[in-house]
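This report concerns only the one structure given below.
The values are calculated or read from the model by the stated rules, or taken from the named source; none is laboratory data. Everything numeric here is computed off the predicted structure, so don't read it as measured data. Neighbour counts are summed over all protein chains in view; Cβ atoms, including those assigned to glycine, are modelled from backbone coordinates with ideal geometry.
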C-alpha cells in the first residue's frame, strides 16, 4: 500500500559502536526519504566514530575500523543530514527506543538541535509487537514473504522497515494510512525526552518517570528540591534528557 503522506517520511537505521545511547557513536547511517508524491531517495554514509569499534559491535554489523578510516566524523556531515531531515516525519525499527535517542545525542554534540517533538515518529517494531510479537527478520518474512539476507546492514534494514510498514497497512484494516495515527499507535509512552525519564500525564503535564520522585510533576520537584536539577546536569543522563529538564526549568522559573 502506498503511504498517505502530508510531509516527507524518512525511514532510517543506524549501525553503532554499541547500545549505550549516552556513550556510543554512529558508524553508519542510512535513510530512505519518501515524498508525498511517491518519489524515493536513499542515502547511506559510513561515519568515523573517532574511537575504536568494539569487536562485538563488528560481529553484529560487519563494520571495522578499516572501513571507517578516512570517513567523515558525524560532526562533519551533521548539517547535511539535518538538512535532509528538515520538515520530515521519521520512521524506523526500534527507533523510538534507540535510533532516534542516539541520533539526537549525536546532533546535540554537533551543535544541532532538532525539535523532534514537532515530528511524527513511527516505530514499526512497536506496531509489529502489538500485532504479532516478532523480530525484524521474522517481520520481513511474515509480512513481505521474503528473507532478509543482508540483515544488520543499515541500508537493507532501512528498506525492509519501509516494506514492512507498507505491508502492515495492507494486512490490518484497523491501521489508518495516516502518519499521525501511526505515530501515536506505535508509541508506548508519551515521552517528553527520548529516554522516557520524563513523560506526560493524562493532563499533559511533565512527570518524572524514575527514581525517588517518580510520578511527581517536574515543576514541583524543581521547586521543593533545588539541588535536583544540578544533580541531573552532573549525572550520566542523555543530553536530550538534560535539555528537557532545562527547558522546563527555563519555562517555569525564568519569566
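Name the residue that is modelled with the lowest pLDDT, counting only residues in the stretch 131-159 that are buried (at least 20 other Cβ atoms within 10 Å of the Cβ) and in contact with a strand residue (DSSP E or B) (Cβ under 9 Å, 6 or more places away or on another chain).
153
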Give the residues of the stretch 135-167 that are within 17 Å of the chain's Cα centre (by Cα), within 14 Å of residue 94 (Cα to Cα) and not in a loop (DSSP other than H, G, I, E, B), sorted by residue number. 136, 154, 157, 158, 160, 161, 162, 165
Which ones in the stretch 117-129 are part of a helix (DSSP H, G or I) and either touching a strand residue (DSSP E or B) at 6+ places or on another chain (Cβ under 6 Å) or surrounded by 14 or more Cβ atoms within 10 Å (Cβ to Cβ) (or both)? 124, 125, 126, 127, 128, 129
The correct count of residues that are surrounded by fewer than 22 Cβ atoms within 10 Å (Cβ to Cβ) and either outside the structural domain of residue 74 (by TED's automatic domain parsing) or modelled with pLDDT of 95 or more (or both) in the stretch 90-103 is 0
Among 59, 86, the single one that is within 21 Å of residue 160 (Cα to Cα), exposed (fewer than 14 other Cβ atoms within 10 Å of the Cβ) and either in contact with a strand residue (DSSP E or B) (Cβ under 8 Å, 6 or more places away or on another chain) or free of Cβ contacts under 8 Å to residues at least 60 places away in the same chain (or both) is 59
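Matching residues to (1) farther than 30 Å from residue 146 by Cβ; (2) surrounded by 12 or more Cβ atoms within 10 Å (Cβ to Cβ); (3) assigned by TED's automatic domain parsing to the domain that holds residue 105:
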{"residue": "173", "(1), (2), (3)": "no, no, yes"}
{"residue": "179", "(1), (2), (3)": "no, yes, yes"}
{"residue": "193", "(1), (2), (3)": "yes, yes, no"}
{"residue": "204", "(1), (2), (3)": "yes, no, no"}
{"residue": "213", "(1), (2), (3)": "yes, yes, no"}
{"residue": "229", "(1), (2), (3)": "yes, yes, no"}
{"residue": "237", "(1), (2), (3)": "yes, yes, no"}
{"residue": "242", "(1), (2), (3)": "yes, yes, no"}
{"residue": "248", "(1), (2), (3)": "yes, yes, no"}
Can you confirm whether the stretch 35-46 contains a residue that is at pLDDT 95 or above, crowded, with 20+ Cβ neighbours inside 10 Å, assigned to a loop (DSSP other than H, G, I, E, B) and in contact with a strand residue (DSSP E or B) (Cβ under 9 Å, 6 or more places away or on another chain)? no
Taking the options 108, 102, name whichever one is touching a helix residue (DSSP H, G or I) at 6+ places or on another chain (Cβ under 6 Å) and either part of a helix (DSSP H, G or I) or under 17 Å from residue 44 (Cβ atoms) (or both). 108
